[in-house]
Amino acid sequence: MDLYLLFKALHIISMVAWFAGLFYLPRLFVYHVEHPEAAPVLTIMEYKLARYIMLPAAISTAIFGLILILMVPELLQMGWLHAKLTLVLLLIGYHASLEHFRLQLKHGHNTKSGRFFRMYNEAPTLLLLAIVILAVVKPF
Ligand code: HEM
């Protein structure tokens, strides 16, 4: 069995789980703002999504990605990986910002509108497009 391909498969599976949360958590924020009567339940759903799915998935995406680099260190010379990891840093920043908004909503300190979270929800789509194209096409 090709271990490299096995770790790459685990890397992609982890990334899919991470993105499931990156796409869904801002949607929960929209409902949280627009349906305050459901806030107690949404607060629990947001916590479980963030801690039990998104965080472990983000960590395993990074661990399997780093294992791939350790197995083929020459990859570090590749321009596409430099560009990809720069976008991954943006993605980690986006993830951290969602954690900030989650805590703001939990403690009743949120100042953002439902419309803001709907628009903010588009950012991971753009990052996903760019990162996957860089990782698969390797244009430079
Ligand atoms: C967290 C840090 C990450 C590191 C260190 C990393 C590193 C890597 C490495 C070294 C490869 C192997 C390239 C190859 O053998 O062709 C790879 C493949 C891949 N990565 Fe990542 N990656 C990371 C995050 C991500 C994220 C966030 C995504 C998705 C948005 C992603 C999507 C992919 C895909 C789709 C492949 C398969 C490419 C192919 O088989 O052609 N990676 N990654």
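Send over the per residue convex hull volume for the stretch 3-137, Cα only, as a whole number of Å³.
So the per-residue Cα hull volume is 92 Å³.
Sort 56-64, 4-12, 72-80 for me by packing, meaning the mean count of neighbouring Cβ atoms within 10 Å per residue, highest on top.
Ranked by mean Cβ neighbours within 10 Å, highest first: 56-64, 4-12, 72-80.
In whole angstrom, note down how far apart the Cα centers of the stretch 109-140 and the stretch 68-87 are.
Result: 21 Å between the Cα centres.
Going through the DSSP H helices of the chain, which span 18 Å or more along their own axis at the Cα atoms while scoring at least 1.6 as a mean Kyte-Doolittle hydropathy?
55-71, 123-137
Would you be so kind as to identify which of 65, 94, 81 lies farthest towards the positive end of the dipole of the stretch 3-137, taking Lys and Arg as +1 and Asp and Glu as -1 on Cβ and the Cα centre as origin?
94
Mind putting a number on the dipole of the chain about its Cα centre? Charges go on the C-beta only, +1 for Lys and Arg and -1 for Asp and Glu, and I need it in Debye to the nearest 20.
160 debye
Using Cα-Cα distances under 8 Å and only pairs 6 or more residues apart, what relative contact order does the stretch 3-137 have, in percent?
That works out to 39 percent.
Within straight cross-link reach of residue 138, meaning Cα distance under 21 Å, which lysines are found once same-chain residues fewer than 8 apart are removed?
8, 84
A short reminder: the numbers here are calculations on the coordinates, not readings from a lab. Not measured: the values here are computed from a predicted model. Counting neighbours? That spans all protein chains shown, and the Cβs are built from the backbone with ideal geometry, glycine included.
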